[in-house]
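A.B. asks: Pasting in a structure now, in structure tokens, and then I'll have a few things to ask.
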Amino acid sequence: MFAACRRITLLAVALPAAALLVASGGIGAQPVSASAPYPAGLTDHAITVSGVMRQYRVHVPATLTGPPRAVLLALHGGGGKGLDGASSGTHPLSAFRTVADREGLVVVFPAGLPARDRQGNTGWVDCRADNTVASGADDIGFLAALTERVRQQYGLTSSRMFMAGGSNGAQMTQAFAFHRPELVGAVASSAGSLPASPLPGRCTTGPGQPLPILLLHGTADTAMPWSGGCVANLGGACARGRVIPAEATRDRWLQINGLASVTPTHTVIDSVPSDGGPANRFDYAGAAPVQWWRLDGAGHAVASQTVLLPPSRAAGIQNRDIEFAEVAWAFFSSRLP
């Protein structure tokens, strides 16, 4: 499904105004002109990959007058958010827009395709062989084409391209890292574990080169189970497949990056004691470092100090000691040449 020799056809188009998705809170993407690469603000675009039109939303700071310091692709989770992961104040991934305005970045919010379940929520085809509701799309091909297109438009090297995601988006960042590590400088994953039954090829063997990675996971996460098991198994059929434990995911990346024997430094952050527990940061130093966050008592929600989500049966308690977007950017910026 992810053969490297597969031909990819690219066609960039601006979506008509009637087709634009409007973000919550009155902040919507605007139609774009033919000017390149992207105007300031939040705009919607599409790219055709292997005959399938795929959508993405781009945030460009109003103060950006030249090439950005970096480009970051932010991948939504499964569950229907899609492009609205860019919606300020309603989704924790939108905090990357605040980081972008301060640091001179461009943030790209790609959209997955609808799953083959009754809800039809958008999601990603990652490395799970036993995910029976995934769309079947070539999401590796889509993200590779999009990453290369934006990189070339801004004249950047791959070392200035980064990818981050939450939940299914976190799993997709790791699947992308397994297949195309040469296209990004580092990735960050919030509440995403590796599959217990991976697809053949790179999903099983791992990447052909090490890649810096930041991993976060809550110890009370039941949607992406901390101890491994069925993903988002509210219906009891395990249709979304099984994953290995969070600590086993960390250990796999330590092995990939040649850090299995490294003793990490440990930092504890507990600025909001009422959020379930502290955030524990473990830094495994090396040429391709691993930064692992154990969020004690936290559930599945993306950690945030600015977009506060109430506890729920599906998401659990949100960690509020840290901002995922901020710690991810701190990790990424340390890798900039």
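A.B. asks: Restricting the search to segment 284-299, which residues are within 19 Å of residue 328 (Cβ to Cβ) and surrounded by fewer than 16 Cβ atoms within 10 Å (Cβ to Cβ)?
C.D. replies: 285, 286
A.B. asks: Additional query: Answer yes or no as to whether residue 130 is buried (at least 23 other Cβ atoms within 10 Å of the Cβ) and not polar (S, T, N, Q).
C.D. replies: no
A.B. asks: Oh, and also: Among (1) free of Cβ contacts under 8 Å to residues at least 40 places away in the same chain; (2) surrounded by fewer than 20 Cβ atoms within 10 Å (Cβ to Cβ); (3) within 16 Å of residue 302 (Cα to Cα), which single condition is residue 182 missing?
C.D. replies: Single failed check for residue 182: (3).
A.B. asks: For segment 267-279, give me each residue that is without any contact (Cβ under 8 Å) to a residue 40 or more places away in the chain, assigned to a strand (DSSP E or B) and over 23 Å from residue 211 (Cβ atoms).
C.D. replies: If the condition is that a residue be without any contact (Cβ under 8 Å) to a residue 40 or more places away in the chain, assigned to a strand (DSSP E or B) and over 23 Å from residue 211 (Cβ atoms), then 268 is the only one that fits.
A.B. asks: With respect to the numbered conditions (1) surrounded by fewer than 14 Cβ atoms within 10 Å (Cβ to Cβ); (2) in a strand (DSSP E or B), which one is the sole condition not fulfilled by residue 263?
C.D. replies: With (1) surrounded by fewer than 14 Cβ atoms within 10 Å (Cβ to Cβ); (2) in a strand (DSSP E or B) applied to residue 263, the lone miss is (2).
A.B. asks: Does residue 144 fit the bill of being crowded, with 22+ Cβ neighbours inside 10 Å and either assigned to a strand (DSSP E or B) or among the small types (Gly, Ala, Ser) (or both)?
C.D. replies: It is false that residue 144 is crowded, with 22+ Cβ neighbours inside 10 Å and either assigned to a strand (DSSP E or B) or among the small types (Gly, Ala, Ser) (or both).
A.B. asks: Then there's this: Tally the residues that are in a loop (DSSP other than H, G, I, E, B) and buried (at least 18 other Cβ atoms within 10 Å of the Cβ), restricting the search to segment 234-260. Walk me through how you get there before you give the answer.
C.D. replies: To start, the set of residues in segment 234-260 that are in a loop (DSSP other than H, G, I, E, B) comprises 234-241, 244-245, 257-260.
Now narrow it down to the ones that are buried (at least 18 other Cβ atoms within 10 Å of the Cβ): 239-241, 244, 257, 259.
So the answer is 6.
A.B. asks: Here is a follow-up. In segment 211-268, what count of residues is obtained for those that are at pLDDT below 95 and not small (Gly, Ala, Ser)?
C.D. replies: Adding up the residues that qualify gives 3.
A.B. asks: Sort out which residues of segment 147-170 are of a type in the set (A, V, I, L, M, F, W, C), over 16 Å from the mean Cα position of the chain (by Cα) and part of a helix (DSSP H, G or I), and write them in order of number.
C.D. replies: 150
The values are calculated or read from the model by the stated rules, or taken from the named source; none is laboratory data. Just so we're clear, the structure is a prediction, and the values are computed from it rather than from any experiment. Positions of Cβ are backbone-derived with ideal geometry, glycine not excepted, and every protein chain shown enters the neighbour counts.
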